[in-house]
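Heads up: the structure comes next, in structure tokens.
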Amino acid sequence: MDKETPGCARCPFEPQGRICQDDQGKGPPFCPTLNKPEVLARAQEELMKPEILEFALQASVQEADGYADRELGYARTRPLKPRLQEIVEFAGKMKYTKIGLVFCIGLRREAKVVESVLASNGFTVVSGLCKMGRIPKETLGVRDDQKIRIGCFESMCNPIAQAYLLNEEKTEFNVMMGLCVGHDSLFLKYAQAPTTVFAVKDRLLGHNPLAAVYTIDSYYRSLKAPAQE
Ligand code: SF4
């Protein structure tokens, strides 16, 4: 990695001693707070658009609402709410009434629960499953040996259709559950309403991809070696 490439993930300083959190703090040579004033200025300009500002304001308020005992000082704050509750509360703060829910067929049971929680909190929920449309995978150029069920019909995932469905229904806020890597990217690229991710798919790790990160020095050490095709 060259020294110029912005890299907050490589920042060597403790969080409270970083220039992005403290005006007396430090930043490394590849620090965007120190080196990218024009990017920050453009972002600030965008943020000041009234509808964006309101969204960002409520997101920040929701962030702090997720902690208990703030009045006792930072060291004593405790997490208070599951993400599902945060989504309900944030959508309420934004006064949304219509929410889109896109999900993977593998999470259909979970999606049913999320749908009912949102609906019981007064939201109209438009939902779209990844396989909607029953388009054969061959349409993408997928060979039979590249399917999951070799020799059988297989519907392709259809994230653009999921996005178009929600766009047509004019959802105000979307919730994404467990779309595959890449399918999620296409949904995000084509969806018009802002989207939050409720769950990400990890088939092996029970949709908890961080398990591989937490065990990177033991069971998943092979991930640190360059992948070999
Ligand atoms: S903005 Fe600068 S100081 Fe903050 S994390 Fe990134 S590199 Fe580190």
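What are the lysines whose alpha-carbon lies under 17 Å from the alpha-carbon of LYS93, with same-chain residues fewer than 8 places away excluded?
LYS93 reaches LYS81.
Can you list the trypsin sites (Lys or Arg not before Pro) in region 1-98 that are in a DSSP coil and have 10 or fewer other beta carbons within 10 angstrom?
Hits after loop and neighbour filter: LYS3, LYS95.
When the scattering of region 155-229 is computed by the Debye formula from its Cα atoms alone, each counted once and equally, what is log10 I(q)/I(0) at q = 0.11, 0.14, 0.20, 0.22 Å⁻¹?
-0.39, -0.58, -0.87, -0.96
Under 20 Å between alpha carbons, and skipping anything fewer than 8 positions from LYS36 in its own chain: which lysines qualify?
Straight-distance partners of LYS36: LYS3, LYS26.
GNM, the chain, Cα, under 10 Å: largest mean-square fluctuation among ALA111, ALA212, ALA163?
The residue with the greatest mean-square fluctuation here is ALA212.
Is region 1-95 best put as rounded, prolate or oblate by its Cα gyration tensor, with a ≥ b ≥ c the root eigenvalues, rounded for a/c under 1.5, and otherwise prolate when a/b is larger than b/c, oblate when not?
Taking the square roots of the gyration eigenvalues as a ≥ b ≥ c, region 1-95 is oblate.
Mind putting together the pair-distance distribution for region 68-194? All Cα pairs, 5 Å bins, whole percent per bin, short to long.
2, 10, 17, 18, 16, 11, 8, 8, 4, 2, 2, 1, 0
Rounded to the nearest 500, what is the 222 nm mean residue ellipticity of the chain from helices alone, with -39500 (n - 2.57) per DSSP H run of 4+ residues and division by all residues?
Mean residue ellipticity at 222 nm (helix-derived): -10000 deg cm²/dmol.
Jot down the radius of gyration and Dmax of the chain, Cα atoms only, both in angstrom.
Rg, Dmax (Cα atoms, Å): 21.2, 63.
What distance in nm lies between label points placed 7 Å from Cα along the C-beta direction at TYR96 and LYS3?
Going from the TYR96 label point to the LYS3 one covers 4.5 nm.
What is the antiparallel percent of DSSP beta bridges lying wholly in the chain, to the nearest 5?
Of all bridge pairs located within the chain, approximately 15 percent are antiparallel.
Can you give the FRET efficiency for GLN16 and VAL213, using 1/(1 + (r/R0)^6), R0 = 30 Å, r = Cβ-Cβ distance, to the nearest 0.05?
That pair, GLN16 with VAL213, gives E of 0.85.
Using 19 Å as the cut-off for backbone N distance, which residues of region 187-213 belong to the label zone defined by a point 7 Å from the Cα of ALA225 along Cα→Cβ?
Answer for region 187-213: 212-213.
Gaussian network model of the chain, Cα springs within a sub-10 Å range: biggest mean-square fluctuation belongs to which of GLN16, GLN162, GLN62?
With Cα springs under 10 Å in the chain, the top fluctuation among GLN16, GLN162, GLN62 is at GLN16.
Using Cα springs under 10 Å in a Gaussian network model of the chain, which residue among PHE198, PHE13, PHE103 shows the largest mean-square fluctuation?
Residue with maximal mean-square fluctuation among PHE198, PHE13, PHE103: PHE13.
Cross-link partners among aspartates and glutamates for LYS131, C-alpha distance below 14 Å, same-chain residues fewer than 8 apart left out?
Once the sequence-local aspartates and glutamates are set aside, what remains near LYS131 is GLU154, ASP184.
Calculate, in nm to one decimal, what THR77 and ILE160 gain on full extension: separation in residues at 0.36 nm each, minus their alpha carbon distance.
Extra length available between THR77 and ILE160 comes to 25.8 nm.
Find how much the distance from LYS49 to LEU34 grows on full extension, using 0.36 nm per residue of separation minus their present alpha carbon separation; answer in nm with one decimal.
Extra length from LYS49 to LEU34 when fully extended: 2.9 nm.
Rounded if a/c is under 1.5, else prolate if a/b beats b/c, else oblate: with a ≥ b ≥ c from the C-alpha gyration tensor eigenvalues square-rooted, which is region 25-80?
oblate
Give me the percent relative contact order of region 83-228, please, defined on Cα pairs under 8 angstrom at least 6 residues apart.
Averaging sequence separation for qualifying contacts and normalising by length gives 23 percent for region 83-228.
Return the distance in nm (one decimal) between the two label points of a simple spin-label model at LEU57 and ILE105, each offset 7 Å from Cα along Cα→Cβ.
It works out to 4.5 nm between the two label points.
Counting C-alpha atoms alone, how compact is region 1-50: give Rg to one decimal and Dmax as a whole number, in angstrom.
Radius of gyration, then largest Cα-Cα span, for region 1-50: 12.2, 38 Å.
Write out the trypsin sites (Lys or Arg not before Pro) in region 166-216 meeting two conditions: DSSP loop, and at most 13 other Cβ atoms within 10 Å of their Cβ.
Qualifying residues, ordered by number: LYS170, ARG203.
Every number in this text was worked out from the coordinates using simple rules, so none of it is lab data. All of these numbers come straight from a predicted model, not from anything done at the bench. In this analysis, Cβ positions are derived from the backbone assuming ideal geometry, glycine residues included, and neighbour counts consider all displayed protein chains.
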